[in-house]
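First comes the structure, then the notes that go with it.
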Amino acid sequence: MTASIRLALAQDVPAIAELIDAAYQHYVPILGRKPRPMLDDHAARTARGENFVWDDDGSLLAVIALAPEQHAALHIFNIAVHPDAQGHGLLRQLLDFAEAKARESGLPLLTLYTNQLMTRNRAIYARLGFVEVGSQEANGYRIVFMQRPVLAT
């Protein structure tokens with residue numbers, strides 16, 4: 001097997017949870033509690049066919065959760081790269097994957113949200129072409145909504 005992005009399987013759920021915990025753990029002290037992705041129902045998302053994983057010979061290095069949003073956008077519920085795999089271009093490749101999925105579905109936008117206090121993530125997304133389009137308080141979290149147009153091929 002070689003490295004590839006594939007649909008997550010039920011047996012991937014424990015590894016997905018571990019990967020997300022590792023990727024977001026450094027935000028716990030900043031937020032004073034676990035970020036929302038660490039609390040997500042990974043099994044339900046996987047069962048709905050929303051989770052895709054970056055699989056490198058059986059090691060899960062990254063995960064992206066995608067779902068269409070009211071026929072207007074492809075929403076990225078979560079995107080996480082294991083800390084040991086960061087800095088190797090996986091984030092860009094996952095976003096390219098999401099963009100291809102959006103194009104296949106005829107959706108003109110990619111959307112996502114992140115916590116206002118996750119300034120590093122916000123800066124990364126901004127460098128990747130996302131713009132902030134709003135914010136709101138949700139369950140004690142201050143959420144920033146971002147979007148970018150799906151680029152033509």
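The values are calculated or read from the model by the stated rules, or taken from the named source; none is laboratory data. Keep in mind that what you see is a predicted model, and the values were worked out from it rather than measured. Counting neighbours? That spans all protein chains shown, and the Cβs are built from the backbone with ideal geometry, glycine included. Side chains are part of the model used for accessible areas, which takes the heavy atoms of the whole protein and leaves out ligands, DNA and RNA. Shrake-Rupley method; radii C 1.70, N 1.55, O 1.52, S 1.80 Å.
Do we find that L90 is within 22 Å of H26 (Cα to Cα), modelled with pLDDT under 95 and among the hydrophobic types (A, V, I, L, M, F, W, C) in this structure? Steps first, please.
Values: within 22 Å of H26 (Cα to Cα): yes; modelled with pLDDT under 95: yes; among the hydrophobic types (A, V, I, L, M, F, W, C): yes.
So L90 passes the test.
Exactly one of (1) under 14 Å from A85 (Cα atoms); (2) among the hydrophobic types (A, V, I, L, M, F, W, C); (3) in contact with a Ser or Thr (Cβ under 8 Å, 6 or more places away or on another chain) is unmet by L19. Its number? L19 satisfies all of (1) under 14 Å from A85 (Cα atoms); (2) among the hydrophobic types (A, V, I, L, M, F, W, C); (3) in contact with a Ser or Thr (Cβ under 8 Å, 6 or more places away or on another chain) except (3). Does segment 3-17 contain at least one residue that is in contact with a helix residue (DSSP H, G or I) (Cβ under 7 Å, 6 or more places away or on another chain), at pLDDT below 95 and assigned to a loop (DSSP other than H, G, I, E, B)? No, that holds for no residue. For Y141, the conditions (1) over 29 Å from A3 (Cβ atoms); (2) at pLDDT 95 or above all hold with the exception of (2). For A22, are the conditions met, namely being under 23 Å from L117 (Cα atoms), open to solvent by 30 Å² or more (accessible area, probe 1.4 Å), in contact with an Asp or Glu (Cβ under 9 Å, 6 or more places away or on another chain) and of a type outside the set (K, R)? Against the criterion (under 23 Å from L117 (Cα atoms), open to solvent by 30 Å² or more (accessible area, probe 1.4 Å), in contact with an Asp or Glu (Cβ under 9 Å, 6 or more places away or on another chain) and of a type outside the set (K, R)), A22 qualifies. Of all the listed residues (L117, L112, L94, L66), the sole one being of a type outside the set (V, I, T) and over 11 Å from the mean Cα position of the chain (by Cα) is L117. When segment 104-118 is filtered for residues that are at pLDDT 95 or above and charged (D, E, K, R), nothing remains.
The strands (runs of 3 or more DSSP E) found entirely in segment 52-150 that carry 1 or more residues being surrounded by fewer than 17 Cβ atoms within 10 Å (Cβ to Cβ) and out of contact with any Phe, Trp or Tyr (no Cβ under 6 Å at 6 or more places or on another chain) are 59-69, 109-115, 131-138, 141-149.
If the condition is being part of a helix (DSSP H, G or I), touching a residue at least 24 places away in the same chain (Cβ under 8 Å) and open to solvent by 40 Å² or more (accessible area, probe 1.4 Å), then segment 27-51 contributes I30, R36, A43, A47.
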